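Chemist: Please see the structure below; I have some questions.
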Number of protein chains: 2
Amino acid sequence: MQNLLQYISTRCFVNPELRQRVHHDFEKNEVPAGKILLEYNRVANKLYFVEQGLIHNYYYHDGKEVTSWFYSENQFATAWYSFYTQKSSFEEIRCLEESVLYVISYDKYQKLIADFPSYGNFARLLAEEMLSFLDYFSKSWSFLSAKEKYNLLQEYFPNIEQRVKLGQIASFLGISQETLSRIRSK
Amino acid sequence: MQNLLQYISTRCFVNPELRQRVHHDFEKNEVPAGKILLEYNRVANKLYFVEQGLIHNYYYHDGKEVTSWFYSENQFATAWYSFYTQKSSFEEIRCLEESVLYVISYDKYQKLIADFPSYGNFARLLAEEMLSFLDYFSKSWSFLSAKEKYNLLQEYFPNIEQRVKLGQIASFLGISQETLSRIRSK
DNA sequence: ATTATTTTTTGACCTAGATCAAAAAGCATT
DNA sequence: AATGCTTTTTGATCTAGGTCAAAAAATAAT
């Protein structure tokens with residue numbers, strides 16, 4: 001909880017009442033590895049803050065799992081499209097490791113914003129940050145070779161290879177597992 | 001200005017003072033075709049609402065122009081990464097057609113949010129919408145063949161081919177102009 | 001209308017990475 | 001330590017779309 005409050009308060013002013021409310025509204029959730037947090041075609045009605053562990057967003061293409069992103073310690077995670085629009089999700093979310101999460105429901109999220117303009121401000125900054133990042137990332141990504149993507153991935157997620165399977169990395173890079181294996185063997 | 005106020009008020013409550021303030025802070029700007037609105041490596045300190053015309057976001061890769069997006073009537077446009085982070089932009093913005101824009105500076109945007117919580121709410125919703133869209137779009141896009149991308153583009157921008165050059169479309173699709181030409185000839 | 005310039009199309013060849021199939025390496029479990 | 005079961009690697013081939021160069025078409029300028 002300390003990390004979550006820290007995260008919020010570096011982005012907006014947190015007075016004692018808001019602190020109290022965050023404490024109350026974000027529920028601590030200890031989740032075993034492999035647990036599915038959101039299934040395909042359901043509406044994401046939870047926003048997660050990762051205190052400890054690793055979250056895996058992925059979707060299916062031609063029946064195969066494609067990684068969209070990993071979220072680890074001190075990051076907010078959800079299926080953004082589904083959470084913000086409250087439409088059914090094209091992606092699923094699972095815990096890849098035993099994790100400690102702080103969870104808020106969509107309804108409480110909305111209520112928190114309505115009750116605390118300062119938290120509304122935080123929510124805006126979070127969306128702006130995510131958008132900035134995705135804007136930057138999606139454009140740089142599209143022009144990298146498989147090898148360059150692999151190198152960049154290692155910068156973003158330093159020890160990801162010890163934490164997830166090769167195929168999950170490969171699909172994130174947009175290449176086949178075989179190609180990734182060949183890249184690595186050099 | 002009517003369209004802009006319409007756009008805002010379908011997303012948040014606009015009282016007379018806010019209406020007045022929006023009127024005052026968004027400046028009408030009639031821009032000739034070809035005008036560069038933002039250059040590479042400068043900070044985007046303007047947010048545009050397109051009343052009339054067509055805006056082109058693009059960046060350079062290997063010295064060649066790559067289209068990142070088109071913005072037309074009734075859309076907000078800027079270089080999102082640069083505007084929100086106030087860091088230098090990897091993309092440029094230009095008007096492809098003679099356009100009528102309503103423009104607000106970054107400073108006024110911030111001030112507007114500080115003075116009107118309701119506008120802050122609007123700004124949050126705008127960022128959430130853009131993020132939702134980009135999240136959805138970037139993931140669907142990556143698995144389409146050149147031909148499928150071309151078809152999808154035509155749904156998004158019905159008469160874009162009459163408005164921009166082939167090369168600008170091709171780079172948006174992530175394919176060479178030659179390939180696009182071949183797709184079209186069938 | 002003719003010429004110059006820009007944009008689009010066509011042709012010939014090439015390459016990064018895909019696919020399919022099988023071997024090897026890692027692990028658990030008994 | 002032997003037996004499965006999963007994950008990764010290696011090998012052989014294939015293909016969508018790239019590149020380079022030149023022709024054709026469209027647009028603009030005289």
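The values are calculated or read from the model by the stated rules, or taken from the named source; none is laboratory data. Treat the numbers as computed from the prediction; the structure is a model and nothing was measured. Neighbour counts are summed over all protein chains in view; Cβ atoms, including those assigned to glycine, are modelled from backbone coordinates with ideal geometry. Heavy atoms of the whole protein, side chains included, go into the accessibility calculation; ligands, DNA and RNA do not. Shrake-Rupley method; radii C 1.70, N 1.55, O 1.52, S 1.80 Å.
Chemist: Working only within segment B:116-150, note down all residues that are in a helix (DSSP H, G or I) and open to solvent by 70 Å² or more (accessible area, probe 1.4 Å).
Modeler: Answer for segment B:116-150, where residues must be in a helix (DSSP H, G or I) and open to solvent by 70 Å² or more (accessible area, probe 1.4 Å): B:PRO117, B:GLU129, B:PHE133, B:TYR136, B:LYS147, B:GLU148.
Chemist: Which of the following residues is within 16 Å of DNA strand D (Cβ to nearest atom) and of a type in the set (A, V, I, L, M, F, W, C): B:LEU180, B:LEU112?
Modeler: B:LEU180
Chemist: Being more than 11 Å from chain B (Cβ to nearest Cβ), more than 16 Å from DNA strand C (Cβ to nearest atom), touching a residue at least 40 places away in the same chain (Cβ under 8 Å) and more than 17 Å from A:GLN6 (Cα to Cα) is the filter here, so list the residues in segment A:62-91 that pass it.
Modeler: Correct list: A:PHE70, A:SER88.
Chemist: Could I ask something else about it? Residue pairs, Cβ under 7 Å, 6 or more apart or interchain, first in segment A:161-173 and at negative phi, second more than 8 Å from DNA strand D (Cβ to nearest atom) and among the small types (Gly, Ala, Ser). List them.
Modeler: What qualifies is A:ALA170/A:SER176; A:LEU173/A:ALA146.
Chemist: Limited to segment A:1-24, what total is found for residues that are closer than 19 Å to A:LEU126 by Cβ and in a helix (DSSP H, G or I)?
Modeler: Qualifying residue count, segment A:1-24: 13.
Chemist: Scan segment A:136-165 for residues that are among the acidic types (Asp, Glu) and under 15 Å from A:HIS56 (Cβ atoms) and jot them down.
Modeler: If the condition is that a residue be among the acidic types (Asp, Glu) and under 15 Å from A:HIS56 (Cβ atoms), then A:GLU161 is the only one that fits.
Chemist: Is segment A:92-105 home to any residue that is in contact with a strand residue (DSSP E or B) (Cβ under 9 Å, 6 or more places away or on another chain), assigned to a strand (DSSP E or B), within 14 Å of chain B (Cβ to nearest Cβ) and in contact (Cβ under 8 Å) with a residue 24 or more places away in the chain?
Modeler: Checked segment A:92-105: at least one residue is in contact with a strand residue (DSSP E or B) (Cβ under 9 Å, 6 or more places away or on another chain), assigned to a strand (DSSP E or B), within 14 Å of chain B (Cβ to nearest Cβ) and in contact (Cβ under 8 Å) with a residue 24 or more places away in the chain.
Chemist: Do you know which residues across segment B:40-60 are open to solvent by 40 Å² or more (accessible area, probe 1.4 Å) and part of a strand (DSSP E or B)?
Modeler: The answer is B:VAL43, B:LYS46, B:GLU51, B:GLN52, B:TYR60.
Chemist: Hey, among the residues in segment A:166-186 that are under 30 Å from B:TYR60 (Cα atoms) and more than 12 Å from DNA strand C (Cβ to nearest atom), which one's farthest from the chain's Cα centre (by Cα)?
Modeler: A:ARG184
Chemist: Hey, any hits in segment B:25-32 for a residue that's closer than 21 Å to A:ASN121 by Cα, over 14 Å from the mean Cα position of the chain (by Cα) and either within 12 Å of another protein chain (Cβ to nearest Cβ) or in a helix (DSSP H, G or I) (or both)?
Modeler: Within segment B:25-32, one or more residues are closer than 21 Å to A:ASN121 by Cα, over 14 Å from the mean Cα position of the chain (by Cα) and either within 12 Å of another protein chain (Cβ to nearest Cβ) or in a helix (DSSP H, G or I) (or both).
Chemist: Looking at segment A:127-165, which of the residues that are within 16 Å of DNA strand C (Cβ to nearest atom) and in contact with a Lys or Arg (Cβ under 8 Å, 6 or more places away or on another chain) is nearest to the other protein chains (Cβ to nearest Cβ)?
Modeler: Among those residues, the one meeting the criterion is A:TRP141.
Chemist: Go through B:SER88, B:SER82, B:SER99, B:SER72 for me and flag whichever is under 21 Å from A:ALA127 (Cβ atoms) and not hydrophobic (A, V, I, L, M, F, W, C).
Modeler: Unique residue meeting the criteria: B:SER82.
Chemist: Only one of (1) open to solvent by less than 60 Å² (accessible area, probe 1.4 Å); (2) assigned to a helix (DSSP H, G or I) is not met by B:LEU37, so which one is it?
Modeler: Failing condition for B:LEU37: (2).
Chemist: How many of the residues making up segment B:161-176 are crowded, with 16+ Cβ neighbours inside 10 Å, within 11 Å of DNA strand D (Cβ to nearest atom) and in a helix (DSSP H, G or I)?
Modeler: Count: 3.
Chemist: Could I ask something else about it? Inside segment A:177-186, can you point out the residues that are over 25 Å from A:GLY34 (Cβ atoms), open to solvent by 40 Å² or more (accessible area, probe 1.4 Å) and assigned to a helix (DSSP H, G or I)?
Modeler: Passing the criteria: A:GLU178, A:THR179, A:ARG182, A:ARG184.
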